[in-house]
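Enquirer: Pasting in a structure now, in structure tokens, and then I'll have a few things to ask.
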Amino acid sequence: MKKNRGGAEAGASMIELIVVLVIAAIIMTLAVSMFGRSKEVFHRQNAARQFKNMLERARFDSVKRRAATTAQMSTIRVLSPTSYSYTLDLNQNGVIDDPAETITVNTAAIADIQIGGTDLIFPITIRFDRRGATTSVNGVSAEVTPVFYFCNGACTTATATSATANGVYVSPTGTVAMIQGGDVLPFFANPDVTAVNSNTSVNPLVAVWDYDANAAPAASPSPVASPSPAASPTASPSPTGSPSGSPTPTPTPTPSPTPATCSSGQNANLTGCKCVSPMWIRSNGKCR
């Protein structure tokens, strides 16, 4: 009688399958959470970078057009925690046509990005003069909040960190830089100015010109007539005659020797007659 041999079959139990599914669900949840977080960070960084680029563009536009009046200065206005506008010479005609060239940007439209800072009072106006420096509304004193933080939600300078905020720094001279939340801004003390007496090796004719764009132009000086040219001088008399020199004697050419008259089979040269090779001269003087 033949005996059947059956081998044991390996497999996974129900508990093992449940453990695997739970681990996969946890990994998927973490991946989705990290993807959503990275997406928010990307939108926040992009919004801060766009604001920085508009500030630099406004500064360049004012310098390029040499904007001398407040109405012609390129302007950035932070209207609220979720919006700002920029006014530039967009059509490149050399002047700002406000409000036709004013564009408003809504930062909360994509990922609830808000603009925070210290004691912000909206709207905040930033203008750039012809030298690229920041000015206030009246164009005299610098009244610009140094840092604007772009956050995913509401934030302040105290709560902004490198993981939650990106800042945009604007200096009084118009320099724009992008920083991380929580970064400490460099501090520059005012330079020491030494008082110089007016009689200390200073040229009294040197003065500082205080430019005023609204002042009337100075009257042009009356043209002064050019002096009449003096009479042309009388030409000096030319010398008469030229001294004659002794004539140089012409050298007498040396006469070339006349070739001798040669007999048959000979050629003439400078020294006489010569037999034509392979002939030679015989005793009788003839060529053989």
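The values are calculated or read from the model by the stated rules, or taken from the named source; none is laboratory data. Predicted model only: the values in this text are computed from it and were never measured. Don't worry about glycine lacking a Cβ; one is built from the backbone with ideal geometry, like all the others, and counts go over all protein chains shown.
Enquirer: Show the residue pairs meeting these rules: Cβ distance below 6 Å; 6+ apart or different chains; first residue within the stretch 38-54 and under 19 Å from CYS155 (Cα atoms); second residue of a type in the set (Phe, Trp, Tyr).
Expert: ARG44/PHE150; ALA47/PHE150; ALA48/PHE150
Enquirer: Do you know which residues across the stretch 134-151 are at pLDDT 90 or above and not aromatic (Phe, Trp, Tyr)?
Expert: Within the stretch 134-151, CYS151 is the sole residue that qualifies.
Enquirer: Still on this structure, I have one more. Return the residues of the stretch 147-179 that are of a type in the set (S, T, N, Q), closer than 22 Å to THR134 by Cα and not in a loop (DSSP other than H, G, I, E, B); say none if nothing qualifies.
Expert: Hit for the stretch 147-179 is ASN166, nothing else.
Enquirer: Continuing with the same structure: Quick one: how many residues across the stretch 60-69 are touching an Asp or Glu at 6+ places or on another chain (Cβ under 9 Å) and assigned to a helix (DSSP H, G or I)?
Expert: Number satisfying all stated conditions: 5.
Enquirer: Give the residue, chosen from ALA100, ALA25, ALA58, that is among the small types (Gly, Ala, Ser) and under 17 Å from ILE126 (Cα atoms).
Expert: ALA58
Each row is one residue, and each column tells you yes or no for (1) among the small types (Gly, Ala, Ser); (2) not in a helix (DSSP H, G or I).
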site	(1), (2)
ALA48	yes, no
ALA58	yes, no
VAL78	no, yes
GLY94	yes, yes
ILE103	no, yes
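Enquirer: Here is a further query. Enumerate the pairs (first residue in the stretch 112-128 and among the basic types (Lys, Arg); second residue anywhere and at pLDDT below 90 and crowded, with 22+ Cβ neighbours inside 10 Å) with beta-carbon separation below 6 Å, excluding pairs fewer than 6 apart on the same chain, so at least 6 apart or on different chains.
Expert: ARG127/THR135
Enquirer: Looking at (1) modelled with pLDDT under 65; (2) assigned to a helix (DSSP H, G or I); (3) over 30 Å from THR82 (Cα atoms), which one does GLY6 not meet, given that it meets all the others?
Expert: Checking GLY6 against (1) modelled with pLDDT under 65; (2) assigned to a helix (DSSP H, G or I); (3) over 30 Å from THR82 (Cα atoms), the one that fails is (2).
Enquirer: Sort out which residues of the stretch 98-122 are polar (S, T, N, Q) and surrounded by 17 or more Cβ atoms within 10 Å (Cβ to Cβ), and write them in order of number.
Expert: Matches in the stretch 98-122: THR107, GLN114.
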